[in-house]
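The structure appears right after this line, and notes come after that.
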Amino acid sequence: MSNDDTIKAIQQRMQEVRRELSEDLVTSARDIKDWRSYVRANPWLCFAAAAAVGYYLAPKGSAIVRISEFDLRRLAKEGLAAAPVPVHQRTGSRLARTLWSNLAGLAMRGALTYVSHRLANTKIPNEEPARF
């Protein structure tokens, strides 16, 4: 093999390597831009990151300050607050009230459905069928 043949072979190989590198670079650049490739590669990590970002971006509720009746009466004596007004306390648990409300809604919906079906299927006497 002569010196010219060796130089041509090296130059040809360098062109092939450049072509392969340019294709790889284009592909990797496309993958870097595409967020879907990250999700496909690491779905659980992306889900955890999205949940963490959502948790930190979600608005926080305002702090609830509860003052005991004793402290409220003391503040009222000092003239710093109004006298406490007795509040009617609801009896029963919140769960029981919620269940009762849901059951009442279901019963009402069932009754309305029954009545509407009965009205739709009621035939009016002495009515002639329509002829087209």
Amide H to amide H under 5 Å from Ala81: which residues, 5+ apart in sequence or cross-chain, H placed 1.01 Å off N in plane?
Ala76
Diffing region 61-78: the Karplus 3J(HN,Hα) column from phi (6.51, -1.76, 1.60, θ = phi - 60°), in whole Hz with x for Gly and Pro, holds x, 6, 5, 9, 9, 10, 10, 5, 5, 4, 5, 5, 5, 4, 5, 5, 5, 7
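Rule-based calculations on the coordinates, nothing more; no lab input. Computed from a prediction, not measured in an experiment: that's the story for all the values here.
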